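Read the structure below first, then the notes.
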Amino acid sequence: MKKHFAMMALAALFAAPALAAPSTYAVDSSHTFPRFSYDHMGMSKQISRFDTTTGTVTLDKEASTGSVDISIDMTSVSTGSKAFDGHIQGADFLDTANHPTATFKSTQVTFQDGKPVSIDGDLTIKGITKPVTLTVTSFVNQPHPMLKKDAIGANATVVIKRSDFNAGKFAPAVGDEVTLDIALEAVQQ
């Protein structure tokens, strides 16, 4: 009887599905662009972006958990004008001479129906860290069509105040509220 029980336990062990481990995805810098927009003196909505973003995303599909760790090269700001790129990197705005990198590190990822819907975390700009909540507006997890590796794609958004990060010059004439709209793709390592 003991032998029969041991054989059944061993068979059950091998028949049980393997527990999925969290997967780590490296940010694809050629398809990941944080964009920012703001009101320019009531005349237009200006949209710019950062061209260099690195980091990782960890996803555990079975446990519906994850984490995000992103670095943005603030010197890669792209406004559409080289002169304005230099201006916005000055001390009154991004101060890239002293703070060349901004970071976002998640503290919690909230899932609904197996997909992330919001990401709480700490955003650091100019050495100032503030809690923010990104709203995930789209999320895909599938094999990358060209690389044939597991990949994720997502879009997320949040509104911040630039004055909270000591970058509020000319506010309110130039809008203090800045909408961050992040397009992210990452490939499993």
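The values are calculated or read from the model by the stated rules, or taken from the named source; none is laboratory data. The model shown is predicted, which means the values in this text are computed figures rather than measured ones. Using ideal geometry, Cβ is built from the backbone for each residue, glycine included, and neighbour counts are taken over all protein chains shown.
Annotations
- Region 63-81 - residue that is touching a residue at least 40 places away in the same chain (Cβ under 8 Å) and assigned to a strand (DSSP E or B) and, of those, farthest from the chain's Cα centre (by Cα): T65
- Any hit, region 161-181, residues being among the acidic types (D, E), at pLDDT 95 or above, surrounded by 15 or more Cβ atoms within 10 Å (Cβ to Cβ) and touching a helix residue (DSSP H, G or I) at 6+ places or on another chain (Cβ under 6 Å): yes
- Reported count of residues in region 84-108, each being farther than 21 Å from V174 by Cβ and assigned to a strand (DSSP E or B), is 7.
- Only one of V132, V140, V159 that is touching an Asp or Glu at 6+ places or on another chain (Cβ under 8 Å) and either among the charged types (D, E, K, R) or closer than 19 Å to T32 by Cβ (or both): V132
- Subset of region 109-165 [assigned to a loop (DSSP other than H, G, I, E, B) and touching a residue at least 40 places away in the same chain (Cβ under 8 Å)]: G114, K126, H144, L147
- Subset of region 149-189 [at positive phi and among the aromatic types (F, W, Y)]: F170
- Selection count, region 49-63, where residues are surrounded by 18 or more Cβ atoms within 10 Å (Cβ to Cβ) and small (G, A, S): 1
- Pick from region 78-121, criterion of a type in the set (D, E, K, R) and over 27 Å from S67 (Cα atoms), ranking: surrounded by the fewest Cβ atoms within 10 Å (Cβ to Cβ): K82
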